[in-house]
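See below for the structure under consideration.
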Amino acid sequence: MNVMFLGVPSSGKGTQAEFVRKKYKLAHLSIGELLRKKIDDPNDPEGQSIREKINKGILVDNDLIMRIIETFISNLSSDEGILFDGFPRSVEQAILLDKLFEKLNKKLDCVINMELDDRVVMERINGRRLCPNCGKSYHIKFNPSKIKDTCDDCGSKLVIREDDNEESVKGRLKTYYSQTHPLINYYKEQGKLIGIDATQDIESIAKNIDDILGGIQ
Ligand code: AMP
């Protein structure tokens with residue numbers, strides 16, 4: 001099964017991905033996380049330019065993104081399903097993915113759109129914490145770690161994402177509406193889009209997603 005999460009920043013894609021990946025044994029492809037790993041690698045020649053783009057909230061070039069996707073898929077076994085989180089982020093990328101899937105004889109089963117009003121985005125972003133080691137996300141109010149500022153899974157010290165500030169979020173929302181939002185129609189036309197109310201609590205959203213994916217399996 002190949003599944004995709006769409007939604008504005010902070011709609012809960014990463015949080016729900018953790019549950020879905022475990023339950024449905026999918027490979028979790030978080031492009032944002034893979035890009036942040038490149039930024040953290042002092043020997044990566046692309047790190048600095050990726051960092052500048054991420055901090056402005058603009059998209060990283062398609063050729064780099066497709067290289068990351070192809071490498072990720074080539075390391076999977078042929079029957080392993082993928083959970084796409086943060087890709088595609090434009091119709092152009094969706095077309096590239098369709099072509100890649102056609103070449104690999106794979107299909108996208110469903111696209112879950114996490115519907116969230118912009119007005120709550122900033123509240124959710126303030127308070128968000130990230131484990132820089134395993135990528136697990138937290139929120140000090142809605143999804144706190146058991147021990148303050150410490151990852152439940154790997155014990156690393158939690159950090160605030162460098163692009164979780166007002167200026168970057170403005171850029172991310174602008175990019176979302178100009179480039180990512182058109183994907184809703186793109187996947188609606190393919191009959192693959194299912195919307196869920198992402199203002200609910202984490203468990204209720206997980207239950208909605210579970211009902212959807214359980215019906216596909
Ligand atoms: P995320 O962790 O998914 O919120 O992504 C953080 C940032 O990484 C985005 O604001 C973009 O700058 C960049 N990024 C993530 N996914 C993509 C993508 N599919 N194409 C281009 N840039 C991306």
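The values are calculated or read from the model by the stated rules, or taken from the named source; none is laboratory data. Please read these numbers as outputs of a predicted model, since none were measured by experiment. Surface areas here come from the heavy atoms of the whole protein model, side chains and all, with no ligands, DNA or RNA. Shrake-Rupley method; radii C 1.70, N 1.55, O 1.52, S 1.80 Å.
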| query | Among the DSSP beta bridges whose two residues both lie in the chain, what percent are antiparallel, rounded to the nearest 5? | reply | 25 percent
| Taking only protein heavy atoms and a 1.4 Å probe, what accessible area per residue, in Å², does segment 111-217 have with all protein chains in place? | 57 Å²
| query | Of all the Cα-Cα pairs you can form in segment 58-200, what percent are over 28 Å apart? | reply | 30 percent
| request: Using a 1.4 Å probe over the heavy atoms of the protein chains, calculate the carbon and sulfur portion of the accessible area of segment 1-131 as a whole percent. | output: 49 percent
| said: Compute for segment 1-46: radius of gyration divided by Kirkwood radius, i.e. Rg/Rh, restricted to C-alpha atoms, rounded to two decimals. | reply: 1.06
| query | If ligands, DNA and RNA are left out, what is the accessible area of Lys103 with a 1.4 Å probe, given in Å² to the nearest 10? | reply | 150 Å²
| said: If every alpha-carbon in segment 1-136 counts as one equal scatterer, what log10 I(q)/I(0) does Debye give at q = 0.13 1/Å? | reply: -0.59
| field | Listed residue pairs exceeding 31 Å between alpha carbons, taken from Lys25/Lys146; Lys23/Lys170; Lys141/Lys192 | value | Lys23/Lys170; Lys141/Lys192
| field | Difference of contour (0.36 nm per residue) and Cα-Cα distance, Glu92 to Ile184 | value | 31.8 nm
| said: Per DSSP helix of 4 or more residues, -39500 (n - 2.57); summed, then divided by the residues of the chain. What does that give at 222 nm, rounded to the nearest 500? | reply: -13500 deg cm²/dmol
| said: Would you work out the Kirkwood radius for segment 105-149? I mean one over the mean of 1/r across all pairs of different Cα atoms, in Å. | reply: 13.1 Å
| query | Taking the chain as a Gaussian network, where each spring joins two C-alpha atoms under 10 Å apart, which residue of Lys146, Lys107, Lys99 fluctuates the most? | reply | Lys146
